[in-house]
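Note sheet for the following structure.
The values are calculated or read from the model by the stated rules, or taken from the named source; none is laboratory data. These figures come from a predicted structure and were not determined experimentally. Counting neighbours? That spans all protein chains shown, and the Cβs are built from the backbone with ideal geometry, glycine included.
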Amino acid sequence: MIVAREELFSWTKVAPTLAVIFVSPAILTVGCTMGMLVPFWFAVGTSIVAGITISLLIYLHGGAGAASHLGFAKLMDSCLGSAGSRFLASPLIALTQMGWFSVLITLGGGSASAITGIDRAFTITVFGIATAIVTFSGFSQLSRFTKVTSSLTAAFALWSLREILVRGASFHEMAYDPASFLFLSGLAIGGATSISTVSPDFVKSAKTKKDMRITAFGIVLPAMMFTLVAGNVMGAFTLMPDPVSALAVVGLPALANVLLLLGSAAAASSLYPPSLALSNIFKVKRNIATIPAAIGGIFLAYFGIVDQLSSFLRLIGILLPPLIGINIAEYYLISKRKPSLKPGINSRGVFSWALGAATGLLPFGIPPINAIFVSLASYMLLSHFCPPKPPERCPASTTQNK
């Protein structure tokens, strides 16, 4: 089915809503954590590797959604089956993306508490509800809103770097450890694959391949690398794991909290994918699914997800990359860019996902990359030796979720 031209958009509308998640306090916090754990140039190298990898995954995996005009759940229908997409892929997205929403509202709500002196749990709750209202309103409103939040986060990062460098701080020396490069690369790439995995939902309305290339390499790549490296500098100079703590070290906590509060409104974008996932699981409207997604994220914030950030990033890097691997195999190599509906559960896809996730547990290389390659290769082999029955063609999406 042909999608009407007026329902497609250039990169100027598609890219900001996706890129804002990479220019967010959550990614800045990941950069800070990296900068305080390893020598500075190790952290920067890791950030570069992560930025290039994630942009390539968005171009391939998100590009499949853009070319077919299908969101994440429909793409997963073709490699996991409709039931596998509903009861395996969608719950994984709901959990991990609610986690990112939780990280952002924890940062924003914590800043609001520091500014006002109000109980932290209360400000996190209010901030979570406020950003959820934006997500509830729909994709168009979200797109306009996120352009503002990304600009604020970028301004915050630039200002923070200036303050740290002007005040004459010096890098903290750390021991050289090659294993740290692979470990942190796994955390950075693994954490960001949560966004890469759901990228079809953000770019499915891209007008042309050129718009997809600009989105992945012209917008997301520099956005992610800038935010991670800015965090690397903060962590390396202050040995603090988050941007507000880093700015407090140089004596500017009040302004840092104001800027971080505004930038953390990017939580609205992070809530969009889990609302789609819950909509697919429970077969309710996307805006209605925003409500339980927001409640879940708020409760995760109460349990201190930011304090377990490394474990959370590692979990994402195990569970989600295999989904990308099987979709790339199905879309580009098996169905030749013509995704098709597979009813029920596609056992080849489920087994390949499980094998990729198990590989991600092994202590060698970069686990998320290992998981992608293993799931892709196993899906290809199983499809060759156990070919599926002739499938029903997937209908193209003609409208956006509202």
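Counting only residues that are part of a helix (DSSP H, G or I) and more than 15 Å from the chain's Cα centre (by Cα), which one in segment 203-218 is nearest to I52 (Cα to Cα)?
F217
Could you look through segment 290-334, keep only residues that are touching a helix residue (DSSP H, G or I) at 6+ places or on another chain (Cβ under 6 Å), modelled with pLDDT under 90 and among the aliphatic types (A, V, I, L, M), and pick out the one that is nearest to R86 (Cα to Cα)?
Checking each candidate, the answer is L313.
Does any residue in segment 124-139 that is surrounded by 23 or more Cβ atoms within 10 Å (Cβ to Cβ) come within less than 7 Å, Cβ to Cβ, of a residue that is outside any helix (DSSP H, G or I) and modelled with pLDDT under 90 six or more places away or on a different chain, and which pairs are these?
none
I'd like to check something: does segment 79-100 contain any residue that is of a type in the set (A, V, I, L, M), modelled with pLDDT under 90 and out of contact with any His (no Cβ under 6 Å at 6 or more places or on another chain)?
no
Hey, could you check segment 357-372 for residues that are closer than 18 Å to I326 by Cα and not hydrophobic (A, V, I, L, M, F, W, C) and say which is surrounded by the most Cβ atoms within 10 Å (Cβ to Cβ)?
Only one residue tops the list, namely P368.
Consider S151 against the criteria (1) under 20 Å from the mean Cα position of the chain (by Cα); (2) surrounded by fewer than 23 Cβ atoms within 10 Å (Cβ to Cβ); (3) under 25 Å from V233 (Cα atoms); (4) in contact (Cβ under 8 Å) with a residue 40 or more places away in the chain: it satisfies all of them except one. Which criterion is unmet?
Only one criterion is unmet by S151, namely (4).
Restrict the check to segment 317-334 and report whether at least one residue is surrounded by 19 or more Cβ atoms within 10 Å (Cβ to Cβ), hydrophobic (A, V, I, L, M, F, W, C), within 19 Å of the chain's Cα centre (by Cα) and not in a helix (DSSP H, G or I).
Yes; the residues of segment 317-334 include at least one that is surrounded by 19 or more Cβ atoms within 10 Å (Cβ to Cβ), hydrophobic (A, V, I, L, M, F, W, C), within 19 Å of the chain's Cα centre (by Cα) and not in a helix (DSSP H, G or I).
Report yes if A357 is more than 27 Å from K204 (Cβ to Cβ) and small (G, A, S), otherwise no.
no
Of the numbered conditions (1) within 22 Å of A26 (Cα to Cα); (2) buried (at least 22 other Cβ atoms within 10 Å of the Cβ), I52 satisfies every one except a single condition; which is it?
(2)
Only one of (1) surrounded by 21 or more Cβ atoms within 10 Å (Cβ to Cβ); (2) within 27 Å of the chain's Cα centre (by Cα); (3) polar (S, T, N, Q) fails for S347. Which number is that?
(1)
For (1) farther than 30 Å from S311 by Cα; (2) in contact (Cβ under 8 Å) with a residue 60 or more places away in the chain, each residue gets a yes or a no:
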{"site": "K342", "(1), (2)": "yes, yes"}
{"site": "G356", "(1), (2)": "no, no"}
{"site": "L361", "(1), (2)": "no, no"}
{"site": "I366", "(1), (2)": "no, yes"}
{"site": "Y379", "(1), (2)": "no, yes"}
{"site": "L382", "(1), (2)": "yes, no"}
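Going through segment 241-254 one residue at a time, which ones are of a type outside the set (V, I, T) and either in contact with a Pro (Cβ under 8 Å, 6 or more places away or on another chain) or modelled with pLDDT of 70 or more (or both)?
Selection gives P241, D242, P243, S245, A246, L247, A254.
Checking N287 against (1) more than 18 Å from A121 (Cα to Cα); (2) surrounded by 24 or more Cβ atoms within 10 Å (Cβ to Cβ); (3) at pLDDT 90 or above, which test does it fail?
Here N287 clears every test but (2).
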